[in-house]
Amino acid sequence: MSSRKISGEKTKNNLFRRIMLVAAPTIAAYLLLFVELDPENPAVTATLAIAIWMAIWWVIEIVPLGITSLLPIVLFPLLGVMNGKEVSSTYFNHIIFLFIGGFMVALAIQRWNLHKRIALVLLNIVGNSPGRLLFGFMFTTAFLSMWISNTATAMLMVPIIISIIHKLELINGKKAVQLFSIGLLLAVAYSASIGGIATLVGTPPNLSFARIFDIYFPSAPEISFSKWMIFALPITIIMFMVTWVYLYFVFVKKGGSWKNLGSNELKDELKALGPMSYEEKVISVVFFVLAMLWMFRANITIGSFEIKGWSILFNNPSFINDGTIAITMAVILFIIPSRKEKGKFLMDWKTAEKIPWEILLLFGGGFALASGFKESGLSTWFGEQLLFLGDISPIILILTITFLITFLTEITSNTATVETILPILAGLAISLEVNPLLFMIPATVAGSFAFMLPVATAPNAIIFGTRRVTIMQMARTGFMLNIIGIIIVTVVTYYWGTAIFGIEMGVFPGWGK
């Protein structure tokens, strides 16, 4: 593409952004001045105006996402939606601390290269044939993205995968392994998203759901780390296997025959890291303990089967949440001395500064927006407008919600989309007297199942940035996975999710009133 053409596209893009910079608040002002959704409650219209303003700026990223997320602090008090003190308090809560603590542990893992060792160990175990390499990279990426951000996971795997591709090209020639290399790269992008949905800390939309659900239904049973994982892990496993089979037939079977890597290639990569350091061993223990504490904090109940959580050992088990555990383990890392760097510790503040603070503000903005929807009555208003959906089968509604969110997040931030849509779905569920989890859970999972475009998720963008995968290749492969994902999320939610979360069809839970 010529530099003149690129310059022209940038100019058009900048012009569009400048137009939307003004258009968003103009639309909001028009609604405030000339529209009355509820004449007796002007806060309903005010909240919708602010939500539309934020949605436009979030989608187009006219200003930084974190700055858009601060609009409720300014506009909610001025327009009479919420008290300034109350809206400000929504930006910092136990979900935020769960993210901070989990991210600090992840950064410590990255600081001492433990994540690279884990990746290479797993790849060595799997093997070096094309199918096994594909499975190995997918499994490693999915496993890591359950615990550290899918963005960090993809960034870690790309240098490893590029080095493997280079070695394959040296042995067989670039053209012979071109199709397989595309499959490997797409496998990393997709499995980073697939693995992330399995845990609450794996991807931002999951944390957003946990907090927004708590805002709307404070009397509902807690969405604990273990309960979410019991529900979501089967989706991850099913989607993982389907994706592996699909990519295998598209990129391995059709890729022709060529010579595999030697058995020592991956072993040499691992050997180059040297023996496992004291720091890596300690962080491995901390990481394992963190995962176990998260998994077994609350009671795990499936039907009549129950495992008591360790929190009952304390006088006030309800005082302890997953954020408490995350921060506890993060603090421990700051007080364990390092042997490799004398006078320093396993974790330091310079490393902690790499926490994506903009994402924290994005969380806060979403939580504030959700609180505004609830306090103003806007979510109830939306629910009343959609009462006609009450005659539609719940499984069709779940399928429709999953479909809309999946394709909407192809062009928008998945976190911002989920945070905007969940309050509406909560209001819809209340109006239809359907268990809110039946709508909110599949919408949350669908927010991470956008596989078609580079802008859909950070892993997609990272893989596209290698310049080895075209948008058309990603879109063609991702479209089929989008459709498969929609079906899997719908079926698992309807049959497995109802059992895990105690959802009874046709019964509106007491905590939802």
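Close Cβ contacts (under 9 Å, 6 or more residues apart or on different chains) running from residues in region 59-80 that are closer than 12 Å to residue 364 by Cβ and β-branched (Val, Ile, Thr) to residues that are modelled with pLDDT of 90 or more and exposed (fewer than 14 other Cβ atoms within 10 Å of the Cβ) comprise 73/84. Give the residue that is nearest to residue 210 (Cα to Cα), with candidates limited to residues of region 83-116 that are hydrophobic (A, V, I, L, M, F, W, C) and outside any helix (DSSP H, G or I). It comes out as 92. Any residue at all in region 153-171 that is buried (at least 20 other Cβ atoms within 10 Å of the Cβ), of a type outside the set (Lys, Arg) and either in a loop (DSSP other than H, G, I, E, B) or modelled with pLDDT of 90 or more (or both)? Among the residues of region 153-171, not one is buried (at least 20 other Cβ atoms within 10 Å of the Cβ), of a type outside the set (Lys, Arg) and either in a loop (DSSP other than H, G, I, E, B) or modelled with pLDDT of 90 or more (or both), which makes the answer no. When region 40-82 is filtered for residues that are surrounded by 19 or more Cβ atoms within 10 Å (Cβ to Cβ) and in a loop (DSSP other than H, G, I, E, B), the ones remaining, listed by number, are 62, 69, 79, 81, 82. Let me confirm something: among 184, 179, which residue is over 19 Å from the mean Cα position of the chain (by Cα) and surrounded by fewer than 19 Cβ atoms within 10 Å (Cβ to Cβ)? Only one candidate qualifies: 179.
Among the criteria (1) closer than 20 Å to residue 417 by Cα; (2) modelled with pLDDT of 85 or more, the one residue 19 does not fulfil is (1).
Okay, residues lined up against (1) small (Gly, Ala, Ser); (2) assigned to a helix (DSSP H, G or I); (3) loosely packed, with under 11 Cβ neighbours inside 10 Å:
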site: 315; (1), (2), (3): no, no, yes
site: 324; (1), (2), (3): no, yes, no
site: 327; (1), (2), (3): no, yes, no
site: 330; (1), (2), (3): yes, yes, no
site: 333; (1), (2), (3): no, yes, no
site: 343; (1), (2), (3): yes, no, yes
site: 347; (1), (2), (3): no, no, no
site: 363; (1), (2), (3): no, yes, no
site: 373; (1), (2), (3): no, yes, no
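Residue-wise test of (1) farther than 30 Å from residue 85 by Cα; (2) out of contact with any strand residue (DSSP E or B) (no Cβ under 7 Å at 6 or more places or on another chain); (3) modelled with pLDDT under 85.
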position	(1), (2), (3)
368	no, yes, no
372	no, yes, no
382	no, yes, yes
397	yes, yes, no
409	yes, yes, yes
434	yes, yes, no
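When 463, 392 are checked against the criterion of being surrounded by fewer than 24 Cβ atoms within 10 Å (Cβ to Cβ) and either farther than 30 Å from residue 220 by Cα or among the hydrophobic types (A, V, I, L, M, F, W, C) (or both), 392 stands alone in meeting it. Listed conditions (1) modelled with pLDDT of 90 or more; (2) in a loop (DSSP other than H, G, I, E, B); (3) β-branched (Val, Ile, Thr) are all met by residue 194, apart from (2). Residues that are closer than 23 Å to residue 504 by Cα, outside any helix (DSSP H, G or I) and charged (D, E, K, R) are absent from region 406-416.
Inclusion of residue 423 among residues that are at pLDDT 85 or above, in a helix (DSSP H, G or I), crowded, with 22+ Cβ neighbours inside 10 Å and not basic (Lys, Arg) is warranted. In region 102-126, the residues that are under 17 Å from residue 141 (Cβ atoms) form Cβ pairs under 9 Å with partners that are surrounded by fewer than 18 Cβ atoms within 10 Å (Cβ to Cβ) and modelled with pLDDT under 75, at six or more places apart or across chains, as follows: 116/159.
Scanning for something hydrophobic (A, V, I, L, M, F, W, C), at pLDDT 85 or above, over 22 Å from residue 185 (Cα atoms) and part of a helix (DSSP H, G or I), does region 296-310 turn up at least one residue? Yes, some residue in region 296-310 is hydrophobic (A, V, I, L, M, F, W, C), at pLDDT 85 or above, over 22 Å from residue 185 (Cα atoms) and part of a helix (DSSP H, G or I).
Screening residue 430 against (1) in a loop (DSSP other than H, G, I, E, B); (2) touching a helix residue (DSSP H, G or I) at 6+ places or on another chain (Cβ under 7 Å) leaves a single unmet condition, (1).
The numbered conditions (1) assigned to a loop (DSSP other than H, G, I, E, B); (2) buried (at least 24 other Cβ atoms within 10 Å of the Cβ) are all true for residue 453 except (2). Taking each residue of region 453-472 that is without any contact (Cβ under 8 Å) to a residue 12 or more places away in the chain and looking for partners that are surrounded by 17 or more Cβ atoms within 10 Å (Cβ to Cβ) and of a type in the set (Phe, Trp, Tyr) with beta-carbon atoms closer than 9 Å, six or more apart or interchain, yields 470/464.
In region 199-277, counting only helices (runs of 4 or more DSSP H) that sit wholly within it, the ones holding 1 or more residues that are modelled with pLDDT of 85 or more, of a type in the set (A, V, I, L, M, F, W, C) and closer than 21 Å to residue 423 by Cβ span 204-216, 225-247.
The values are calculated or read from the model by the stated rules, or taken from the named source; none is laboratory data. These figures come from a predicted structure and were not determined experimentally. Glycine gets a Cβ as well: all are built from the backbone with ideal geometry, and neighbour counts include every protein chain shown.
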